[in-house]
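Working notes, beginning with the structure itself.
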Amino acid sequence: MGKKLTCLLLAVMLLALGGCSKQNPESAGNGQDKIELRLAHFFPSTHPIETDLIQPWAKAVEEATGGKVHITSYQGESLLPAAEIYDGVVNGIADIGISCFAYTRGRFPVMEAFELPGITYANSKVASKVAWEGAEQLNPEEIQDTKLMMLLATGPGDLYTKVPIRALSDLQGLEIRATGLSAKTLEALGAVPVAMPQSEAYEALSKGVVQGNLGPVEVLKGWKQAEVTDYLTKTPFLYNTLFFMVMNLDKWNSLDPEIQQAIEEVNEKYFEEVAIGLWDKQNEDALKWAVEEKGMEVIELSRAETDKWINLVQPIQDEFVSKVSEQGFDGQAVLDTVKRLAEKYNQEYR
């Protein structure tokens, strides 16, 4: 009887040890073999955000973590709609997400400072560096519910329309696709903003639902919008859109420190070498294609006309300061931070 009991106890101990040695592939505990992460975004599979940033970055993360982390990209809103990506990451529907802050206006009051009209960004490098450094300095509560991986921006944008816009009078009552602060900016100029993601703009333009779009030049080629518009009016003082790459906070905190460090190093490399200038290259290629292949006409506003537009949108900055201050932030300090960094990086990246 004693011998049988001893054998039984040994068997139980072996089973317990065997159970402890098994690893959960979904956890990030010590010695984990594989971590599968889902990345959601709204860009098409052919867009440079997917081909030039996400895919090489994901491969670099996998290599840097010794194959422990594998990232699958769900492009074209196949996992989450554009406007739901941030909250989808917070709630764990996606592990990582890339989208625009502008798609959920009011959800990120402090981050709106980086998209205010009247602030000049020489290019996307400047806009991206300002946003990243500014977010680090301001550290707003609104983005504390995720792990911030990268911020990248389009930099200055223009008006692309089916009819020529040579003066403010040409814009009155015209329905223009815009989101976030861009919509407020167009409204101040007398246009009628129509909110929709870029993924819906081509069809809306082709059907005449809207007569134009306010955005970075890259949309002319990346989203084929030069096929459904004929005129480009340069308005670099009106536009900047900020994109986030964020990770579910619980998922990030569950990773081993060595894996976190490896990912951070890859993030830094791809931010500096790819993300900050991603829109500059796209803008150059798209403008050449739109003009040479699609016959788009480029219109430059006169100095007097430009001043008229800037004067009309300037009060939006004052409204931002008041609104953010009412929510308990120092709105003027936020705005001053953005302007100071813009001046700094405009000098560095011109």
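Residue by residue, the range 243-252 carries 3J(HN,Hα) couplings of 10, 10, 10, 10, 10, 4, 5, 5, 5, 4 Hz when phi is fed to the Karplus relation 6.51 cos²θ - 1.76 cosθ + 1.60 (θ = phi - 60°); x denotes Gly or Pro.
Listed values for the range 135-148 are Karplus-derived 3J(HN,Hα) couplings in whole Hz (6.51 cos²θ - 1.76 cosθ + 1.60, θ = phi - 60°), namely 5, 5, 6, 7, 6, x, 4, 5, 10, 7, 8, 9, 8, 6, and x replaces Gly and Pro. About its Cα centre, the dipole of the range 59-153 is roughly 260 debye, where the only charges are +1 on Lys and Arg Cβ and -1 on Asp and Glu Cβ. Near the amide H of GLU175, within less than 5 Å, lie the amide hydrogens of VAL192, GLN211, all on another chain or at least 5 residues away, with H placed in the peptide plane. Close amide H pairs (under 5 Å, H built 1.01 Å from N) link LEU301 with LYS234, residues at least 5 positions away or on another chain. A simple charge model with +1 on the Cβ of Lys and Arg, -1 on the Cβ of Asp and Glu and nothing else charged puts the dipole of the chain at about 620 debye relative to its Cα centre.
The ellipsoid equivalent to the alpha-carbon distribution of the range 230-307 has semi-axes of 40, 16, 10 angstrom, derived from the gyration tensor eigenvalues as √(5λ) and listed largest first.
Close amide H contacts of SER99 (hydrogens built in the peptide plane, cut-off under 5 Å, sequence separation of 5 or more or a different chain): PHE244.
Against the empirical 2.2 N^0.38 Å scaling, what ratio does the C-alpha Rg of the range 202-350 come to? Present the calculation step by step, with values, prior to reporting the outcome.
On the way: Rg = 20.0 Å, N = 149, 2.2 N^0.38 = 14.7 Å.
Rg over 2.2 N^0.38 Å, computed on Cα atoms: 1.35.
For THR72 and GLN327, compute 0.36 nm times the residue count separating them, minus their Cα-Cα distance, and round to one decimal in nm.
Numbers: separation 255, 0.36 × 255 = 91.80 nm, distance 3.79 nm.
Separation in residues times 0.36 nm, less the Cα-Cα distance, equals 88.0 nm.
Calculated mean residue ellipticity, 222 nm, the chain: -13500 deg cm²/dmol, from DSSP H runs (n ≥ 4) at -39500 (n - 2.57) each, averaged per residue and rounded to 500.
The range 95-152: Rg/Rh from Cα coordinates, Kirkwood Rh?
Values: Rg = 11.4 Å, Rh = 12.3 Å.
My calculation of the ratio gives 0.93.
Shape index of the range 49-167: Rg/Rh, with Rg the Cα radius of gyration and Rh the Kirkwood radius from the inverse mean 1/r over Cα pairs, equals 1.00. By other beta-carbon atoms within 10 Å, ranking VAL321, VAL334 with the fewest at the front produces VAL321, VAL334. Short to long, the 20 Å bins of the Cα pair-distance histogram for the chain hold 28, 52, 13, 5, 1, 0 percent of all pairs.
Which of the residue pairs LYS207/LYS234; LYS184/LYS339; LYS162/LYS294 have a Cα-Cα distance greater than 18 Å in the structure shown?
Numbers: LYS207/LYS234 24 Å; LYS184/LYS339 20 Å; LYS162/LYS294 13 Å.
Listed pairs above 18 Å: LYS207/LYS234; LYS184/LYS339.
When you count, for each residue, the other Cβ atoms within 10 Å and take the mean per peptide, how do 297-305, 76-84 rank with the highest first?
Details: 297-305: 12.4, 76-84: 18.7.
With the highest mean Cβ count within 10 Å placed first, the list reads 76-84, 297-305.
When peptides 232-241, 38-47 are ranked by their average number of other Cβ atoms within 10 Å per residue, the highest-first order is 232-241, 38-47. For LYS68, list the lysines whose Cα falls under 23 Å from its own Cα; do not include residues on the same chain fewer than 8 positions away. Here the lysines satisfying the reach criterion relative to LYS68 are LYS22, LYS34, LYS59, LYS147, LYS251, LYS269.
Just so you know, all these numbers are worked out from the coordinates, no wet-lab data involved. Because the structure is a prediction, the values reported are computed rather than measured. Cβ: placed from backbone, ideal geometry, glycine included. Neighbour counts: every protein chain shown.
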